[in-house]
Structure formats: C-alpha cells, structure tokens
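Q: Can you keep this structure in mind? I'll have questions shortly.
A short reminder: the numbers here are calculations on the coordinates, not readings from a lab. Everything quoted here is computed from the prediction, not taken from an experiment. Quick reminder, even Gly has a Cβ in these numbers, built from the backbone with ideal geometry, and neighbours come from all protein chains shown.
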Ligand SMILES: [Zn+2]
C-alpha cells in the first residue's frame, strides 16, 4: 500500500518516514488508534516503504518488484498475524485468503467486527494463539529472503493469548538482524505491559470533524453540510462514516432495542407499571441474536444515547447530534438520567461490554443488566 492511499493524519505518516530517512527505525512499534483509525493501512504502507529501493521522500514507488509483492500481500518477508477462532490447528494462515481479500477490498480499513463477520465467527471471540507463535518464531530466526527488513504485523495484539506472550517477548527484545515488528491495537490498556514496555508507541489519532467531513466530500461526494453532520454523528469514526448508509439499518435496530431495554428496566421497580417478564425475555433473546460483536456495538450505542441525554440536560445537545426520532425520544427520557445515576449507567454498560468480550452467558448478562438499570432508573 502507498502512504497516499492511507487515510491517516499527515503528521503520523511524516513521523514514520522521518524514522526511515534518519535510520532510526525501532524494531518493535506499537501502532495505537481507536476503531476507525487506518492503523493497518499505515503499517502496510510503512512495511512497503521501508523495503522499496526506489522510495522517494514521501512514498514508495509502487511499481518495483518489492512494492508489487507488498501490494498483493504476497511478499515472502511480510508476515501477518491476527485474531481468529481459537480451535486447535487453526492459525492465522488458515484464514490468509480471507485476510488478503478483505484488505484488498477495503485497503485495510475495516473493524474487528468486519473481520469476524468475514470469517463467520460473530458469536465468538478470536485470539492469536499458540499455533501462531509456533509459525512466527521460526520465521523470525530465518534471514530475509529478498527484503531489507522482515516485517511481522500483529493486528489486534491485545488478543494475544497471554500464556504464549513470553515467547514473543524474547524475540521482541532480541530480534535477529533487520526484523520489524509492527504491532497494532485499538485498546492500548489491554495490551500486556511487557509488550508495551518493549515497543515504541506510534499513536494514531482520529480525524477531527472538519477533516473527516472533507474526506467524506472527496470519497463519498457528500455535500459539505451532510458531511459535517455524518462526521459528528459517528463521533469521527472513519469506518462508520464511510459506511454510514449501510449502518442506518443497524442504528434503527439498536435504537428500538435501547428503547425496549429502558422501558423494561423502568417498569421493573415502578409502583404502578406492570413488568412483562415474557417480553423482557424476548428482548434478551433479541440480544442473543445480535451476536457478540453486535452486542458490543449495541452497548456502545447505549452509552452514546445515555451521554446524549446528559448533554440535553445540561444542555449541550448541539455537541451530540441525534436523528429526529432519537431526539424526540430523548427529550422525554432525559429526565430519568440524573446526576445520581449517570455514573452507575456508564459503569453498568461499560462492564457489560467487557463481559461480552469475556464470553459471559448472554441470557444472564442481559437479564442482570435489565435489573441493575431498573434499580438506578427508580426515582
Ligand atoms: Zn518500490
């Protein structure tokens, strides 16, 4: 991939190029950017750039044999590892065809959810496992075939099984020759400290609203005002912004599920309202049907909605744009979000995201969530 194809702030591209031109390339680098940052694209462009014999000050040439192989993800010195199903005999290489095609379709701009969908594992949590390490370690010991640098990309390194991390640490500390580890994470605080401490941090920020709106105008031919509105609605998440139209349907689903959740939670402890247990159970089944990644996205949406209520209460609603239907609903619901329950709401929803990640039982998790929210909704 060329740097010019990567949708990331210029300053981080310059930082990477400067390291190459000054010969100060750190052999282990941790690329950290929230979902929607083009970190994988950056790592791929960097790997290509550092190995291109005809690179200029700004980019790789894109046409030399090395560049062509990097572009096709077929260079013998490029090794990618990423989360996948935890089954025995299953390694990143089992899914390499899917990995290559998704990168080629999206230029490496996709979410973990997109990846899990591609390999048909929405309901499970992937990981980098022992099989991956068994493949990776011998590769690190070999000399580079053709390239100046052997490059190892570990995408979503926070999903590395902690039990096998010690093996990786040793290589990170004393790599053989010109070996480059490009580790990528969306959750800096979930990466093992021992890995963080051995890597140089490359922080990739999200575009701000104005910058993102300009990208939407260019890539999606949006009108300037629509582009600004979309950028603000998706909280500057580039992936969501580019797929905004596809997401509209999901958003409607989340909105109705969120309304139901609050309605049932409210009725639970209400002196007059009747709590319909069978309907609440139907809601829990609906949660199950979302799959793990869908549940996480729903819970994040719920967090955003709660925050929007807070902002309307302050009122700072202009900072939290909402659709007309969300807006109408929030204007009635916001009175239930108060100073004394806002913090428990955040904690409950954030904890639920972590529990979904930890493979908790969906029925118990969401039933419990209803009851806990209900307690805090009670006046
Ligand atoms: Zn080249």
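Q: Fewest Cβ neighbours within 10 Å first, please rank 22, 285 accordingly.
A: Going from sparsest to densest Cβ surroundings: 22, 285.
Q: On a full-extension model of 0.36 nm per residue, what is the gain between residue 273 and residue 378, subtracting their alpha-carbon distance, rounded to one decimal in nm?
A: Taking 0.36 nm per residue and subtracting the Cα distance, the gain is 36.6 nm.
Q: Moving to a separate point now. With a 10 Å Cβ neighbour count serving as the proxy for reagent exposure, in which order, fewest first, do 287, 311, 121 appear?
A: 311, 121, 287
Q: How big is the gap, in Å, between the Cα center of the stretch 119-157 and the Cα center of the stretch 268-296?
A: Centre-to-centre (Cα) distance: 40 Å.
Q: Can you compute the radius of gyration and Dmax for the stretch 183-293, using only the Cα atoms, both in Å?
A: 20.2, 59
Q: Quick one: Kirkwood hydrodynamic radius for the chain, alpha-carbon pairs, angstrom, one decimal?
A: 22.6 Å
Q: So if I restrict to the alpha-carbon atoms in the stretch 1-75, what is the Rg, and what is Dmax, the biggest pairwise distance, in Å?
A: Answer for the stretch 1-75, Rg first and Dmax second: 11.7, 33 Å.
Q: Would you mind getting me the FRET efficiency between residue 11 and residue 173? Use the beta-carbon distance for r and R0 = 22 Å, nearest 0.05.
A: 0.15
Q: Which residue fluctuates the most in the chain, going by a Gaussian network model with Cα springs under 10 Å, if the choices are 232, 86, 141?
A: 141
Q: Set the Förster distance to 45 Å, then compute FRET efficiency between residue 88 and residue 57 from the Cβ-Cβ distance, nearest 0.05.
A: It comes out at approximately 0.40.
Q: Moving on. Counting other beta carbons within 10 Å of each Cβ, put 272, 202 in order, fewest first.
A: 272, 202
Q: Quick one: work out the % antiparallel among DSSP beta bridges in the chain, nearest 5.
A: The antiparallel fraction comes to roughly 5 percent.
Q: Compute the distribution of all C-alpha to C-alpha distances in the stretch 246-377, in bins of 10 Å from 0, and list the percent of pairs in each, rounded to whole numbers.
A: Histogram of Cα-Cα distances, whole percents per bin: 12, 45, 36, 7, 0.
Q: Which value in nm describes the separation of the simple spin-label points at residue 148 and residue 205, placed 7 Å from the Cα toward the beta carbon?
A: Those two pseudo-labels are separated by 3.0 nm.
Q: Given bins 5 angstrom wide, list per bin the percent of all Cα-Cα distances in the stretch 73-220, short to long.
A: Histogramming the stretch 73-220 at 5 Å steps yields 2, 8, 17, 21, 19, 17, 9, 4, 3, 0 percent.
Q: Which semi-axis lengths, in whole Å and largest first, follow from the square roots of five times the eigenvalues of the Cα gyration tensor of the stretch 216-275?
A: Ellipsoid half-lengths, sorted descending, are 36, 10, 8 Å.
Q: Next question, about the same structure. Using helices alone, what [θ] at 222 nm do you get for the chain, with -39,500 (n - 2.57) per DSSP H run of 4 or more residues, divided over all residues and rounded to the nearest 500?
A: Rounded to the nearest 500, it is -17500 deg cm²/dmol.
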